[in-house]
1. Mind putting a number on the dipole of the chain about its Cα centre? Charges go on the C-beta only, +1 for Lys and Arg and -1 for Asp and Glu, and I need it in Debye to the nearest 20.
2. Looking at the chain as a GNM with Cα springs under 10 Å, which of F92, F65, F102 has the largest mean-square fluctuation?
3. Taking the radius of gyration and the Kirkwood hydrodynamic radius from Cα positions alone, what is the Rg/Rh ratio for region 48-110, to two decimal places?
4. Taking 8 Å as the Cα distance limit and 6 or more residues as the minimum spacing, I'd like the relative contact order of the chain as a percentage.
5. Where the accessible area of the chain is counted over protein heavy atoms with a 1.4 Å probe, how much of it, in %, is carbon and sulfur?
6. Once Rg/Rh (Cα atoms, Kirkwood Rh) is worked out from the coordinates, which option in (i) 0.96; (ii) 1.12; (iii) 0.93 does it equal?
7. Excluding ligands, DNA and RNA, what is the solvent-accessible area per residue of the chain at a probe of 1.4 Å, expressed in Å²?
8. Run the simple label-point estimate for F92 and A10 please: 7 Å along Cα→C-beta, distance reported in nm.
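The values are calculated or read from the model by the stated rules, or taken from the named source; none is laboratory data. Not measured: the values here are computed from a predicted model. FYI the Cβ positions are ideal-geometry reconstructions off the backbone, even for glycines, and counts take in every protein chain you see. Heads up: the accessible areas ignore ligands, DNA and RNA and are worked out on the full protein's heavy atoms, side chains in. Shrake-Rupley method; radii C 1.70, N 1.55, O 1.52, S 1.80 Å.
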Amino acid sequence: MVDRVTATPAALALITRLQATHGPALIFHQSGGCCDNSAPNCYLPGDLSIGAYDVHLGTIGGVPFYISAGQYQYWKHTQLIIDAVPGFSENFSLEGGTGLSFITRSRLFSDPEWAELQAAGLV
């Protein structure tokens, strides 16, 4: 089964670094924009409430990854690829101050991948 969200080695290394600092229990949420821009944000579980209108896309580095249902409608045809790049995040994500920022890259699912996701009831 194709993953709906994946992470690059750089993102996985940053997740490991954040877990060493903050503990293993983290959570990701793909922001939809506005004041926290359109970026994957990493939080401590108590810093973000996941609700009925959030979609669980999968896990990266053992950390659950969510997106709002509204944003999911725009992104559901794509695999989200979470990366970490040099720079300072301008949001509320835990990587602030590390000199790195999480970013989202994406690619469209192939027709066979999309059919597989549909058959599994995951879209």
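1. Approximately 80 debye in magnitude.
2. Comparing F92, F65, F102 in a Gaussian network model of the chain, the most mobile one is F92.
3. Using Cα coordinates only, the ratio equals 0.98.
4. 30 percent
5. 57 percent
6. Among (i) 0.96; (ii) 1.12; (iii) 0.93, the one calculated here is (i).
7. 51 Å²
8. 2.6 nm
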